[in-house]
Amino acid sequence: MDLSYGAEAEVFRAQLRDFLAQRWRPADKGQALKDYIRAFRRDAVEQGYLYRGVPQQYGGSEQPVDVIRAQVIREEFARARAPMEVGGNGTNMLVPTLLECGTEEQKERFIRPTLEGDYVWGQGYSEPGTGSDLASVRTKGELRDGEWVINGQKIWTSQGRDATHMFALIRTEPAAAKHAGISYLLLDLKQPGVTRRPIRQMTGESGFYEFFFDNATTPADWIVGERGKGWIISRTTLKHERASIGSADGLGFQFSKLVELAKEIHIDGEPAILKPAIRQALGRVEGWVLAHRYSSYRIFSCAAANEEPGNITLMMKLLVTEIGHDMALLAQELLGENILLEPGPAGTRGRGPEKWLDQIMGSLGNSIAGGTTNIQRNIIGERGLGLPRDPGMRA
Amino acid sequence: MDLSYGAEAEVFRAQLRDFLAQRWRPADKGQALKDYIRAFRRDAVEQGYLYRGVPQQYGGSEQPVDVIRAQVIREEFARARAPMEVGGNGTNMLVPTLLECGTEEQKERFIRPTLEGDYVWGQGYSEPGTGSDLASVRTKGELRDGEWVINGQKIWTSQGRDATHMFALIRTEPAAAKHAGISYLLLDLKQPGVTRRPIRQMTGESGFYEFFFDNATTPADWIVGERGKGWIISRTTLKHERASIGSADGLGFQFSKLVELAKEIHIDGEPAILKPAIRQALGRVEGWVLAHRYSSYRIFSCAAANEEPGNITLMMKLLVTEIGHDMALLAQELLGENILLEPGPAGTRGRGPEKWLDQIMGSLGNSIAGGTTNIQRNIIGERGLGLPRDPGMRA
Amino acid sequence: MQFHLSEEQLAIQDSLRGTLAETVNRDVLHALVDSEDDFHPASWRSLCELGLMGIAVAEEAGGAGLGLVDAALAVEVAGEAGAPGPLVGQMLTAIALSRCDSSAVREQYLDGVVAGDSVATLAWNNAPEPGGWEVATDGVTVTGTVRFVQAAHAAKLFLVGTVGGGMALVAAGEGVEITAQPSTDRSRKMAAVTFANAPVVHAFDAGSPTVNWLFNAALVLFAADAFGGAERCLEMSVSYAKEREQFGHPIGQFQALKHQLATMALEVESARGLLWYAAYALDSNLPDAQHAAAMAKAHISDRAVSVARAAVAAHGGIGYTWEYGLNIWFRRAAANAALLGSAAQHRERAAQMRESAGA
Amino acid sequence: MQFHLSEEQLAIQDSLRGTLAETVNRDVLHALVDSEDDFHPASWRSLCELGLMGIAVAEEAGGAGLGLVDAALAVEVAGEAGAPGPLVGQMLTAIALSRCDSSAVREQYLDGVVAGDSVATLAWNNAPEPGGWEVATDGVTVTGTVRFVQAAHAAKLFLVGTVGGGMALVAAGEGVEITAQPSTDRSRKMAAVTFANAPVVHAFDAGSPTVNWLFNAALVLFAADAFGGAERCLEMSVSYAKEREQFGHPIGQFQALKHQLATMALEVESARGLLWYAAYALDSNLPDAQHAAAMAKAHISDRAVSVARAAVAAHGGIGYTWEYGLNIWFRRAAANAALLGSAAQHRERAAQMRESAGA
C-alpha cells in the first residue's frame, strides 16, 4: 500500500501551483471581482484544470479521466482559496445528463451558460407526497401548439432562490404505466406561470424552495430523451448526485470542531473534554470518523485504478448520516443550557456554542435529503448483500 | 394514587403469615422432604392459597380472581421461603387450556397429577424451521386403529429432561389449509417411539431438549378440542404464557447485582463504580429498570381493578429483552479480561465475575425465546398502534 | 392499590385537552412561535378558568386540593399541546405561597397566583440542585442575574433561587430588569432577569424541606411536559404513517418504519409509570422521592429528545419544515432536557443518593 | 496511490482461505472446541507451509519480505476461519527475532520460528500498554505469572512482557510452569504461565521502539482477527437469511431483518479501511501510527462484538445452539475485545495522543 500520489502527480501539482500563483490574485470586489473570477475560470479551463469531463466545444477542457489529478486540483485550489467549478445541480446533474442523452442543439444551448454560471438549475423531482417514491410524480405536461403546458408543484428544490431554469420530471403520458408516463423536461423559471416560495426549515432558515406551475410553458424540443423515458434518464442523473455526496474532510473538520467545543464548554466547573464520559463518547465518534475517512480512501484508490470498490460505495451516504446523528447527540449533551439560546439568522450567526443547534437539527435533514436511511438500508441489503427484494416496495 | 394493598389485604396477609409460620417447618431431606412439601401444598390448596384458578374437583382451591391476594401470597411465600405452585408448562399453559377446551375426562385425568408434579409437561410447538411461523409445523399424526401415530420432530422444549408428557401441535389433516390442518394432542413421552436429546446452547449448558417421534402413539381421545382446531387452541395457551413473562423484581435484582459487580471490579486501579462513564451507563440502565418496574405496577393495578392497561402490556417482553441487552453490554465492559475465563458448569459455578458470561449470552437467548424482538415490534406496531399489517407476514 | 388513573383524573385531562385544542390551536401556536411574545393571555386565561394553577394547593388555601400527580397530568397535556405560559412556575409558586408561614404574604398574593391573575415564574438558574443557585440575598433584597426565565415579561412574581439553596419571592417592578433572549423553545420564550437590590416579598430558608420539595417537584413537572411532548410526537408520526402512501401502500405498513414507531411507542409508554411514581412519591413523601424525581427528569427528558428526533425522521421532508410544526416539540424537548440540569447530572445525583441509601 | 488490495494480496488471502477450508473445516473446529486442547498441529502445519509465520520478516532473514498489512490480511482470514494457534504471537516473535541484535540468538531461533516449528506465543498481560507489564526481570531471568497465554502447552518460546515495558524471550522448560485455564474462547484456549527465575534467551530494552512497535502491531493484528470474525458472522447471517423461509418467503426479504443485516454490513465493511490504514501506518512509521493502532483496536473489536450479537439474533434459535457454531466467533469476539486492554482504555490512550499531538 502507498498513500502517496506518485511522481507524475507531483509534477502536475507543481505546474498547477505555478499557474495559481500567477493567475489567482484577486484584488477587486463586487462586479469587478465577478468578472475577474469568470476570466480566471476560463483560463483554468484552458489549462485543463476545470470541467475536465466536458468537451471543449461546450466550454469544458475535455481531459482524460484521472482521479488523482482531480484530487490534486481540489487540494491546490483549496490551498490557494481559488474558485473551482460553478457548483450546484446544473454542473453536477444536468450537464452529465445532457452529455449522455441530450440533442446536439440542447448541448450547444445549455451547457456553456451553465458552466459559466449564467444558468442556475433547480432540480424538479420531488413533489408533496412523493417522498422516496419519486416515480409517483403528478405534475402534468401537455403538448399544445408546439409547447409543453405544465401544471403542478415541485418541492425541495435547492438553489431555489437563484435558479433561472429547472430540469424536471413531468407526467406527460397519463395513459402509460407509472414509470413510463414521465418525461424529463427543461424549463425557464422566469415566466408568469411559475411562482416560487421558500420552504422554511425547522432551523428557521430556508435552504429549499417550492415551485408552483400554473400553465407554465416550455418549447416542445426542451425535452431530454424521448417522451416517457424521463424516469430512466433521471436515474443516470441520480447516480452522479450520489457519487458527489460525502467528503472525508468535511466529517473530520466537524469532528475537530466538536473536540474544540468540548474544550470550550465547562460542565460542573471543568472543561467538558476532561470528563471521562465525554472523552469516551468523542472516542467512539472518532472511530467512525476514521472508518469513514479510510473508506473514502479505498473508493478513491479504486477509482484511480479503475477498479470496483464493492459494497462500501453503497454505504457512504448512510455512514455520513449516522455519524452526523452521533455528533449531534454528543453536541447536544455538551451544549447543556446553551441549547436554550437560538442562534441568530444565517450570515449573522456568532461564534457562540449555540450555533451548534443548526448542526443538531441539520443532522436530521441529512437523513432525509437524497433518500432516507431506510431506503439506504434497503439498497445495502438488496444490491449489496443480494437479499431478495420486498415486493411491497415495488410500485 | 395509592400503592398500599388496603386493609382487607393486610388482614389476609396476617392470616397467611400465621398459616405459614405453623405449617411450613421443613426439617427433613430427600424423599421425606418431598413428601412434606406435597402435604404442605395440599394444605395450602385447602386454605385457598395455591391453584386459586382451578376448580376444587380437579385439585385446585377455586378462589375468585383477586390479583391483590395473589400478590400477597407471592410475597409471603417468598418471605417464608415456602414452595409455591409446581411451576412449568403444565400448570401455566396446559391446565388453563384444558379448563377452557378439554373434555371432562381429560380434566379428571390430567389436571390433578399435573398440579401435584407427577406429570411434567413439555411444550411441543416449535420444529426445526418453524421459527416465528409456528403454523408451519410438519410433525404428522395419523389416526390408525384407534390411536394417533406420530412422526416428526419437536425442538426447544423446556423441562425436556424431566418431562413425562407433552402437549403438541401436530399436523393431522394434511389436505387442509396451513392453520386448519393442525390438532392439539397430548402424549406420553415414556414410550419406545420417543427419543429425547438435549440441545447444547452457546453457553455450553443444555436448557432445552429436542424430541424425535418415530411411530409414537397416543390414544384417539387425547386430543384437546376438535381435529384441525389445534392452532386456535394453542393461541389461548400462548396468552397465558405471555402474561406470566416479565417480573419487575427479577430485573431490579439483576440491576443490583450489576451495581455490585461495578463495585467489585477494578479498572485502572480503582473500583469501576467510581468511573464517571460507568456511573452514567449504570444510570441509563437504571432509568429503564425503573420504567419497567412502574409499568408492571400499572398493569398490576389495572388487573386488580379489572381495567385494561392498554398498549403497555404488549411491550413488557420487549422491554425486558432490551434492558437485558443493555445490562449484558455493560457487564461485558465491566468484566474486562475476566471475560476470558469460562465459568464452570451449572451447579458448580463459582462466585467469580466470570459467571456473568452466562448472562451476557443469555440476554441473546431472551430475544429469541417466546418470539423474537422483530415479532414483538410487529405486534406493538400493528395491535398497539393500529398500523396496517404487512401482507408478506401473513402465511 | 391504585396505580392507574381515576375517572376523575382522566376527566381532568380530557377537559384540559379539549380546552387547549381551542385556545392553543394550530393557528394560535404558530402565530405565537413566529412572534417574539413570551406569553399568550387568552390561552393562559383558559387554563386559569379550569382552576389549574391551584390544582395542588390545599382546598382551605383556595386550591383544588389535589396533588403533584394531578399537576403532572395537567402539565403533560400542556406539553402535548405545546402550550405557552409558565405553568410549572405558576403551580409551584402557588404551592410555595400556600406553605409560607407569613399570613400577610399569603393574604396578599396567594389568591392572585392560584387564580393565575398574577403570573408567576421560576427564576432559578439551571443548576442540577438548589445548592447551585447564585442570586445573592441579604434576606431583604436580591441581586444577580438569572438567564432563561420563562414568560418574564408577563410575570408579576418571580420565585428566585438564591445562593446556597434558598428562595425569595420577588415582585416585578423596582430593581427588576428584563432582557429578552433569542429562544430555542419558541413556545416558551425565555429572558434574562436582572435583580438589583430588588425587594424580597418572602424568603424561604436555604436548604429547607420546602425548597427541596419544590425543586424536586419542578423536575417532575418538566419531565411531565417532556412526556406530553413525546406523546404528541408519537401520535403525529403514527397518524402520518397511516395516511401517507408510498409505492401504493400506507408507509406504516413497511416493517422498518413500523418498528421505528414501535420503538418510539416503547420509549413513551414505558416512561408513563415512572412519571406517575415520581409525582406520587413526592406527594407521599416516600424515602426515594428525590431519587425518583432525578431519575424521572433524566430518563424522560432523554426519551423526549430521542422520540422527537425519530418523529422528524419518520415524517421525511415534511417533518423538517417549519410550517408542519414538529420542530415546536423538538425544540421544547431540547429545552426540557436542558432546564434544571442535564440528564447526566441527574443520573450522577441519583447514583449518589443510591449510594448514600446503602444500595 | 494504492489503498486497495493488490492481486498478490488477494491471491494470498484466497490461498489461505482455501487451505483453512480444509485444515480447519467444521469437524476439525468443533472437535477442537469440544476438547481441552489449546493447539492443533495439523492445521498449524498447513499455515506454516504457506510461509505465513515469516510473512512480515525481511527476505534476508528468511521471511517473505512483506509487511504488517499482509500479516493483517492473513490474520483476518484466520479469524474468519476461527483458526486455532498463536498466529499473532508467532508472527510477532519472528519479527522480534529478526530485529534482535544478537546474531547468536538469531541463528539459534529465527529459522525455527519463521518456519513455525518452534511455536512462539505472547506472554503479555492485558495491560493497554507495555508500561503495564508486570513480570520481574534482572535481564538474565524472569519471575512472575502471566494469565491468558494462548497455546501455552505447545509453545517452545514465550515473548514475555516485563516490568516497565520491556520484553524477554524465554524458552519453555526450566522455570516455566503452565496451568490450563477454562477459556471462553474455545478456539484459542489460554493458560496461566508462571516463570520462576526462568532463563532469558534475549531481552528487549524497556521502552524501546521495537517493543512499542510490536505492541502496536499486536493491537492491529488482534483487530484483524476480530475483523475476520465479524466478516464470518455477517456472511453466515446473510446466507441464512437467503435460505431460511418463513411465512412462505426467505426471511431476508423482510425489511426489519434486511436492515439489521445492512447495519451489520455497514459496521464490517466500513472498518476495513481503518484496519488497513493502521497496519500501513506502522509499516511506514507514520506519525499517527500508534494512534491509528489504538483506534483500530477499540473500534474494530467493538464492531466485532456488536456484529456477533446481531448475528445470533439474526439466526433465531439455531444461532443460539452450540452445534451451529456461531458461538465460536461470539466468544472469539469477546476475547479479542478483552485482549491487550479494553476499547475504553484504547480510546482514552488515543485521546491523550491526540492531545499531545496538539489537536
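Computed from the coordinates by the stated procedures, all read-outs in this text should not be read as laboratory data. Being a predicted model, the structure only gives us computed values, none of them experimental. Positions of Cβ are backbone-derived with ideal geometry, glycine not excepted, and every protein chain shown enters the neighbour counts.
Based on DSSP H runs of at least 4 residues, each adding -39500 (n - 2.57), what is the mean residue ellipticity at 222 nm of the protein assembly as shown after dividing by all its residues, to the nearest 500 deg cm²/dmol? When only DSSP H runs of four or more count, the value is -15500 deg cm²/dmol. Quick one: angle between helix A:30-46 and the longest Cα principal axis of chain A, in degrees between 0 and 90, rounded to 10, please. Helix A:30-46 and the main axis of chain A meet at about 80 degrees. Across the range C:126-243, C-alpha contacts under 8 Å between residues 6 or more apart give a mean separation that, scaled by the residue count, equals a relative contact order of 26 percent.
Once both labels are positioned 7 Å from their Cα atoms along Cα-to-Cβ, the gap between A:GLU75 and D:ARG26 label points is 5.0 nm. A Förster distance of 51 Å, applied to the separation of the beta-carbon atoms of A:ALA39 and C:ASP34, puts the FRET efficiency at 0.70.
For D:LYS189, which lysines qualify as cross-link partners when the Cα separation must be under 28 Å and same-chain residues fewer than eight apart are set aside? Filter leaves B:LYS355, D:LYS156, D:LYS297. Charging the Cβ of each Asp and Glu at -1 and of each Lys and Arg at +1, and nothing else, the dipole of the range D:215-359 about its Cα centre rounds to 180 debye.
Annotation: the residues A:ASP188, B:ASP18, sorted from fewest to most other C-beta atoms within 10 Å of their own C-beta, follow the order B:ASP18, A:ASP188. Shown in residue order for the range C:219-235 are the 3J(HN,Hα) couplings computed by the Karplus curve 6.51 cos²θ - 1.76 cosθ + 1.60 at θ = phi - 60°: 4, 5, 5, 5, 5, 5, 4, 4, 5, x, x, 5, 4, 4, 4, 4, 5 Hz (x for Gly and Pro).
Each part gets one Cα centre, and for the range A:285-324 versus the range A:136-195 those centres are 35 Å apart.
The C-alpha atoms of the range B:172-299 occupy a region whose extents along the principal axes are 67, 37, 24 Å, arranged from largest to smallest. Counting Cβ atoms of other protein chains within 10 Å of each residue's Cβ and taking the mean over peptide A:333-344 gives 6. Label-point separation (nm) for C:ALA115 and B:LYS190, each offset 7 Å from Cα along Cα-to-Cβ? Reported label-point gap for C:ALA115 and B:LYS190 is 8.4 nm. What does the C-alpha gyration tensor say about the overall shape of the range C:210-357? Classify as rounded when a/c is under 1.5, otherwise prolate if a/b is larger than b/c, or oblate. Prolate is the answer for the range C:210-357, as a/c is 1.5 or above and a/b outweighs b/c. If you rotate chain C onto chain D, whose Cβ in C ends up lying nearest the axis, and how many Å away is it? With distances in whole Å, chain C gives C:GLN255, 2. With R₀ set to 51 Å, the beta-carbon distance separating B:ARG200 from C:GLU235 gives a calculated FRET efficiency near 0.60. Counts of other chain beta carbons within 10 angstrom of each beta carbon in peptide A:198-205 average 5. With label points defined 7 Å past Cα in the direction of Cβ, position B:GLN71 shows copy-to-copy spacings of 6.6 nm, given to one decimal and shortest first. Each label point was placed 7 Å from the Cα along the Cα-to-Cβ direction; for C:ASP138 and D:GLU59 their separation is 9.0 nm. Here the dipole of the protein assembly as shown is about 1600 debye; that uses its Cα centre as origin and unit charges on the Cβ of Lys and Arg (positive) and Asp and Glu (negative). In terms of the mean number of neighbouring beta-carbon atoms within 10 Å, the peptides C:198-211, B:116-129, B:282-295 order highest first as B:282-295, B:116-129, C:198-211.
When B:GLN56 is represented by a point 7 angstrom out along its Cα-to-C-beta vector, the spacings to that point in the other copies are 10.9 nm, nearest first. Seen against the Cα atoms of chain D and their longest principal axis, helix D:7-23 is set at about 80 degrees.
Relative contact order, whole percent, for chain A stands at 11, derived from Cα pairs under 8 Å and 6 or more residues apart.
In this calculation the C-beta distance from D:SER208 to D:GLU355 is compared with R0 = 22 Å, giving a FRET efficiency of 0.35. Quick one: grab the alpha carbon gyration tensor of the range C:56-146, order the square roots of its eigenvalues as a ≥ b ≥ c, and give me rounded if a/c is under 1.5, else prolate or oblate depending on whether a/b is larger than b/c. Since a/c reaches 1.5 but b/c is at least a/b, the shape of the range C:56-146 is classed as oblate. Counted over all Cα-Cα pairs of the range A:156-245, pairs farther apart than 20 Å make up 46 percent.
Here, P(r) means the percent of Cα pairs in each 5 Å bin from 0 to the largest distance; for the range A:7-85 it is 3, 15, 27, 25, 18, 9, 3, 1, 0.
Across the range B:1-42, what fraction of all alpha-carbon pairs, as a whole percent, falls in each successive 5 Å bin from zero upward? Bin by bin from 0 Å, the calculated values are 6, 20, 18, 15, 12, 10, 9, 6, 3, 1. Among C:VAL57, D:VAL142, the ranking by other beta carbons within 10 Å of each residue's beta carbon, starting with the fewest, stands as C:VAL57, D:VAL142.
When only the Cβ of Lys, Arg, Asp and Glu is charged (+1, +1, -1, -1), the dipole of chain A relative to its Cα centre reaches about 220 debye.
Can you tell me how the protein assembly as shown classifies by the Cα gyration tensor, rounded, prolate or oblate, using a/c under 1.5 as the rounded cut? Rounded, since a/c falls under 1.5. Expressed as a whole percent, the proportion of Cα-Cα pairs in the range A:246-384 lying more than 21 Å apart is 49%. So what is the diffusion coefficient of chain C in µm² per second by Stokes-Einstein at 4 °C and 1.567 mPa s, using a Kirkwood Rh over Cα pairs? My calculation gives 63 µm²/s for D. Candidates A:GLY283, A:LEU330, A:HIS266 compared by Cα position along the dipole of the range A:246-384: farthest toward the positive end lies A:GLY283, with charges placed on Cβ. For D:ARG17, put the label point 7 Å out on the Cα→Cβ axis and report which residues of the range D:320-359 keep their amide N under 11 Å from it. None, by backbone N distance to the label point. Computed over the range B:166-237, relative contact order equals 38 percent, with contacts defined as Cα pairs under 8 Å that lie 6+ residues apart. Sorted from nearest, the other copies put their C:SER208 label points 7.4 nm away, the label point being 7 Å from Cα in the direction of Cβ.
A dipole drawn for the protein assembly as shown from +1 and -1 charges on Cβ atoms has a positive end, and of B:PRO174, C:VAL119, C:ASN336 the residue lying farthest that way is B:PRO174. Between the range C:76-148 and the range D:219-268, how far is it from one alpha carbon centroid to the other, in angstrom? Between the Cα centre of the range C:76-148 and that of the range D:219-268, the gap is 56 Å. Taking every residue in C:310-320 and counting other chain Cβ atoms within 10 Å of its Cβ, the average works out to 6. Taking Cα atoms only, the orientation of helix C:87-98 departs from the longest principal axis of chain C by about 30 degrees. Evaluated on chain B, the Kirkwood hydrodynamic radius is 23.6 Å, with distances taken between all distinct Cα atoms.
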